[in-house]
Amino acid sequence: MSLLIQEIPTTDAPIKLLLLADPSEDKVRSYLPRSKCFVASSGGVVLGACVVQPLGEGTHELMNIAIQPAHQKSGYGTALLKWVIDFFRKSGASQIEVGTGTFGYQLAFYQRHGFRVTRIDRNFFVNNYPEPIFEDGIQLFDMLRLTLRYPGNVA
């Protein structure tokens, strides 16, 4: 089955799906109005979603990317991320940033696609979420900020 990736209005964003990647519905709803939302679907079924927010001066931030649990590890996340990277490259962006935990599969996922660690936001998950967040039984404290720079694009 082929994968269709397209931009949708943020008012139609699949919140339940996005909560898989960011457990705070308040946070997700706070960044949606200033963002672009993309969905990946097959046979009319939404398999994944991605939200990207402009930061200014040709920089965008990948705020959220999530794939339905039954379809994870099937290449849909990679296809969606590659499509979004290409979309912003073609739009003339100079870079995309993303924040993630300091360990786990997400870190390797972004690094495989050319993102490089550029800074650490210490205690981000403790200071910005009311409940502790755990990944593989380990509490997240710090957020790694990663950047993918587009060579040759100047915003």
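Just so you know, all these numbers are worked out from the coordinates, no wet-lab data involved. Bear in mind that the values here come from a model prediction, so they are computed numbers and not experimental data. Cβ coordinates were reconstructed from backbone atoms using ideal geometry, including for glycine residues, and neighbour counts include every protein chain displayed.
Diffusion coefficient (Stokes-Einstein, Kirkwood radius over C-alpha pairs, 4 °C, 1.567 mPa s) for the stretch 71-155: 91 µm²/s, rounded to a whole number. A simple spin-label model places the labels of Phe103 and Arg34 3.2 nm from each other, with each point 7 Å out along Cα-to-Cβ. Length gained on full extension, Val46 to Ser24: 5.8 nm, using 0.36 nm per residue less the C-alpha separation. Computed about its Cα centre, the charge dipole of the stretch 63-155 is approximately 480 debye, with only Lys, Arg, Asp and Glu carrying charge at their Cβ. Once the C-beta distance of Ser74 and Asn127 is scaled by a Förster radius of 35 Å, the resulting FRET efficiency is 0.50 to the nearest 0.05. Pairs of Cα atoms nearer than 8 Å and 6+ residues apart set the relative contact order; for the stretch 51-138 it is 25 percent. When both the stretch 1-18 and the stretch 49-87 are represented by their alpha-carbon centers, they are found 11 Å apart. Using only alpha-carbon positions in the stretch 98-144, the gyration tensor eigenvalues give semi-axes of 19, 13, 7 Å once each is multiplied by 5 and square-rooted (largest first). Name all residues of the stretch 67-95 having a backbone nitrogen under 19 Å from the label point set 7 Å from the Cα of Ile15 along its Cα→Cβ direction, giving them as ranges. Flagged as within label range: 67-68. Relative to the Cα centre, the charge distribution of the chain, modelled as +1 at Lys and Arg Cβ and -1 at Asp and Glu Cβ, gives a dipole magnitude of about 460 debye. Any idea which of Val45, Ser30, Gly75 is furthest toward the positive side of the dipole for the chain, if Lys and Arg beta-carbons carry +1 and Asp and Glu beta-carbons -1? Selected residue: Gly75. In the chain, the calculated helix contribution to ellipticity at 222 nm averages -6500 deg cm²/dmol per residue, counting -39,500 (n - 2.57) for every DSSP H run with n ≥ 4. Residue exposure proxy: Asp86, Asp142, ordered by other Cβ atoms within 10 angstrom of their Cβ from fewest to most, comes out as Asp86, Asp142. Derived scalar couplings between HN and Hα for the stretch 72-79 equal 5, 6, 10, x, 5, x, 4, 4 Hz in order, rounded to whole Hz, by the Karplus curve 6.51 cos²θ - 1.76 cosθ + 1.60 (θ = phi - 60°), x for Gly and Pro.
In this structure, the amide hydrogen of Thr118, modeled 1.01 Å from its nitrogen in the peptide plane, lies closer than 5 angstrom to those of Arg145, Leu146, Thr147, counting only residues at least 5 positions away or on a different chain. Here is the list for the stretch 66-155: trypsin sites (Lys or Arg not before Pro) lying in DSSP coil, each with at most 14 other C-beta atoms within 10 angstrom of its C-beta, are Lys73, Arg122. Using the empirical formula 2.2 N^0.38 Å as the baseline, the Cα radius of gyration of the chain reaches a ratio of 1.00.
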